[in-house]
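A.B. asks: Right, I'll just put the structure down here and ask away after.
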């Protein structure tokens, strides 16, 4: 999409929405006992990241908001890594049914998007620091 290459803020917003869609597909298969546990934490974290992106796009002085966004993004990464370590990406329809290879493939797809989003957030922070009007 050409809009994303000319507007980095639109690109980061798009990347986060792409991550939300992929995460929701995977989270819907996690074990039922995690519906209000880790699954909910991951959902809330990714929604908070999207809300943080919108907030940073609308604030004139957004150094603090970007720092909060960066922290919440890292929390999201931690929660997803924990879910993988607990074997939740092996679940399909709330039962352990996927192979280790399929689980790794699904986790890797999510992780790639999380890493790309993190790189974009980091670039946004660096560009703000480099700006002479940054406060």
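What follows draws every value from the coordinates through simple rules; no lab data is involved. All figures in this text were calculated on a predicted structure; none of them were measured in a lab. Positions of Cβ are backbone-derived with ideal geometry, glycine not excepted, and every protein chain shown enters the neighbour counts.
A.B. asks: Going from the alpha-carbon gyration tensor of the chain, what semi-axes, largest first and in whole Å, does one get by taking the root of 5 times each eigenvalue?
C.D. replies: 31, 15, 12
A.B. asks: In bins 10 Å wide, starting from 0, what share of all Cα pairs of the range 68-135 does each bin hold, as a percent?
C.D. replies: Final binned percentages: 19, 38, 23, 13, 6, 1.
A.B. asks: Using Cβ counts within 10 Å as a stand-in for footprinting exposure, how do 106, 43, 126 rank, fewest first?
C.D. replies: Least crowded to most crowded, the residues run 126, 43, 106.
A.B. asks: Taking only Cα atoms, what is the 0 to 90° angle, nearest 10, from helix 100-130's long axis to the longest principal axis of the chain?
C.D. replies: Long axis of 100-130 versus the principal axis of the chain: about 10 degrees.
A.B. asks: Counting only the backbone N, which residues of the range 104-130 are under 16 Å from the spot 7 Å out from the Cα of residue 81 toward its beta-carbon?
C.D. replies: It comes to 107-119, nothing else.
A.B. asks: Let me ask something else about it. What is the angle, in °, between the Cα long axis of helix 63-85 and the longest principal axis of the Cα atoms in the chain? Nearest 10 is fine, range 0 to 90.
C.D. replies: Long axis of 63-85 versus the principal axis of the chain: about 20 degrees.
A.B. asks: Report the full-extension gain for the segment residue 71 to residue 10: residue separation times 0.36 nm, less the Cα-Cα distance, to one decimal in nm.
C.D. replies: This chain segment gains 19.9 nm when fully extended.
A.B. asks: At R0 = 30 Å, how high is the FRET efficiency between residue 21 and residue 131 if r is their beta carbon distance? Nearest 0.05 is fine.
C.D. replies: About 0.40, to the nearest 0.05.
A.B. asks: To the nearest 0.05, how large is the calculated FRET efficiency for residue 64 and residue 44 if R₀ is 30 Å and r is the Cβ-Cβ distance?
C.D. replies: After rounding, the FRET efficiency stands at 0.90.
A.B. asks: Here is a further query. Assuming 1.567 mPa s and 4 °C, estimate D for the range 21-76 with Stokes-Einstein, Rh taken as the Kirkwood radius over Cα pairs, in µm²/s.
C.D. replies: After rounding, the answer is 106 µm²/s.
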